[in-house]
Amino acid sequence: MQLSDRLQSAITSAGAKVRFRYPWWLRPFLFPGIAGITLGRRIYLSPRVSQQQVERFLRHELAHVRQIARLGLARFYWAYGVEYIRLRRRGMSSPEAYRNISFEMEAAAAEETV
């Protein structure tokens, strides 16, 4: 997969590892249609992601890598989960709550960064 020099540099400086498929043990836990997921510094993208979308999704997932580096692994996932639950308790649907998690909003903004 050919990536822009700028994105390749961002991946390297973040210490991230990118895989273009999910590991076997993770697949049963993923909702259908998930394009990518970040676990620590590992970024997993679905093999169904088109070449045109790869860079956008990688910018999104790299934002999560930076968030994890800033907060620490356990604190990031704890805060992410707590925020999701709070949003659901406020009456948001699951997709609405997901989109309104502050970490996801920050990552969505990073998708547009060139």
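Quick note: the coordinates plus some simple rules give every number you see, no bench work behind them. Just so we're clear, the structure is a prediction, and the values are computed from it rather than from any experiment. All Cβ positions, glycine included, derive from the backbone under ideal geometry; neighbour counts span all protein chains shown.
Quick notes on this one:
- Selection from the stretch 1-25 of residues that are in a loop (DSSP other than H, G, I, E, B) and either small (Gly, Ala, Ser) or loosely packed, with under 13 Cβ neighbours inside 10 Å (or both): MET1, GLN2, SER4, GLY15, ALA16, ARG21, PRO23, TRP24, TRP25
For every residue, the table says whether it meets (1) within 17 Å of GLU112 (Cα to Cα); (2) among the hydroxyl-bearing types (Ser, Thr, Tyr).
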| residue | (1), (2) |
| --- | --- |
| ARG19 | no, no |
| PRO23 | no, no |
| PRO32 | no, no |
| TYR44 | no, yes |
| GLU55 | yes, no |
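- Residue list for the stretch 27-37, filter: surrounded by 12 or more Cβ atoms within 10 Å (Cβ to Cβ) and part of a loop (DSSP other than H, G, I, E, B): LEU30, ILE34, ALA35
Matching residues to (1) surrounded by 15 or more Cβ atoms within 10 Å (Cβ to Cβ); (2) without any contact (Cβ under 8 Å) to a residue 12 or more places away in the chain:
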site	(1), (2)
TYR44	yes, no
GLN53	yes, no
PHE57	yes, no
ALA63	yes, no
LEU73	no, no
ARG88	no, yes
MET92	yes, yes
PRO95	no, yes
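- Scanning the stretch 12-35 for residues that are closer than 16 Å to ILE68 by Cα and touching a helix residue (DSSP H, G or I) at 6+ places or on another chain (Cβ under 7 Å) yields ALA14, ALA16, VAL18.
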